[in-house]
Amino acid sequence: MDSELRDLYQQVILDHHRRPRNFHPVPGADRAAEGYNPLCGDRVKVELKTGADGRYEDVGFTGTGCAICTASASMMTETLKGRTREEAETLFQGFHRLLTGADDPAEAQERLGKLAVFAGVREFPVRVKCATLPWHTFHAAAQGKSEAVSTE
Ligand code: ZN
């Protein structure tokens, strides 16, 4: 990874860790799921409220996670607000491919925008599950699954 992307990664993670966006329960949520990453101890609950137009009107999260999990959840909720379920599914798949190394970070940037900074997590394999946990939890919520998600 080039140093510019690494600096950006550190800034973004720190900023979202210190000031998580949408870190609250969602009033009137119609979908919710909980996720747990036993490797790190991250716990996250993602709540969704779908608007009449089928777009996510509100997306929020609660729980306790490490800096990377919290930053990922924060950026995810920001990104998903106003998206349709199909758009959100595409982002979930793209984020997952980026973090598992199947996608080139430069190409991913076109599809994922600022979420592409999470390519930095690939240098710390033990942290990949921290970053993907909120997305897997979102995915379970969107699909209406009630059992808790675990990364193990
Ligand atoms: Zn973690």
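The values are calculated or read from the model by the stated rules, or taken from the named source; none is laboratory data. Keep in mind that what you see is a predicted model, and the values were worked out from it rather than measured. Here the Cβ is made from the backbone with ideal geometry for all residues, glycine too, and neighbour counts use every protein chain on show. Side chains included, ligands, DNA and RNA excluded: accessible areas come from the protein's heavy atoms. Shrake-Rupley method; radii C 1.70, N 1.55, O 1.52, S 1.80 Å.
Per the listing 152, 110, the residue uniquely modelled with pLDDT under 90 and within 16 Å of the ligand (Cβ to nearest atom) is 152.
Screening residue 53 on (1) touching a residue at least 60 places away in the same chain (Cβ under 8 Å); (2) away from the ligand (no atom under 15 Å from the Cβ) shows it passes everything except condition (1). The C-beta contact set for the stretch 121-150 (first residue part of a loop (DSSP other than H, G, I, E, B), second residue away from the ligand (no atom under 12 Å from the Cβ), distance under 6 angstrom, 6+ apart or interchain) comprises 148/34. Taken over the stretch 55-114, the criterion of being part of a helix (DSSP H, G or I), surrounded by fewer than 17 Cβ atoms within 10 Å (Cβ to Cβ) and among the hydroxyl-bearing types (Ser, Thr, Tyr) is satisfied by 90 alone.
Quick one: would you say residue 127 is crowded, with 16+ Cβ neighbours inside 10 Å, closer than 22 Å to residue 4 by Cα, over 11 Å from the mean Cα position of the chain (by Cα) and away from the ligand (no atom under 15 Å from the Cβ)? The answer is no for residue 127.
Those residues that are open to solvent by less than 50 Å² (accessible area, probe 1.4 Å) and either in contact with a Ser or Thr (Cβ under 9 Å, 6 or more places away or on another chain) or over 20 Å from residue 148 (Cβ atoms) (or both), I need them from the stretch 44-53; list them, please.
44, 46, 47, 51, listed by residue number.
Checking each residue in the stretch 1-43 for being under 18 Å from residue 144 (Cβ atoms) and within 16 Å of the ligand (Cβ to nearest atom) picks out 34, 35.
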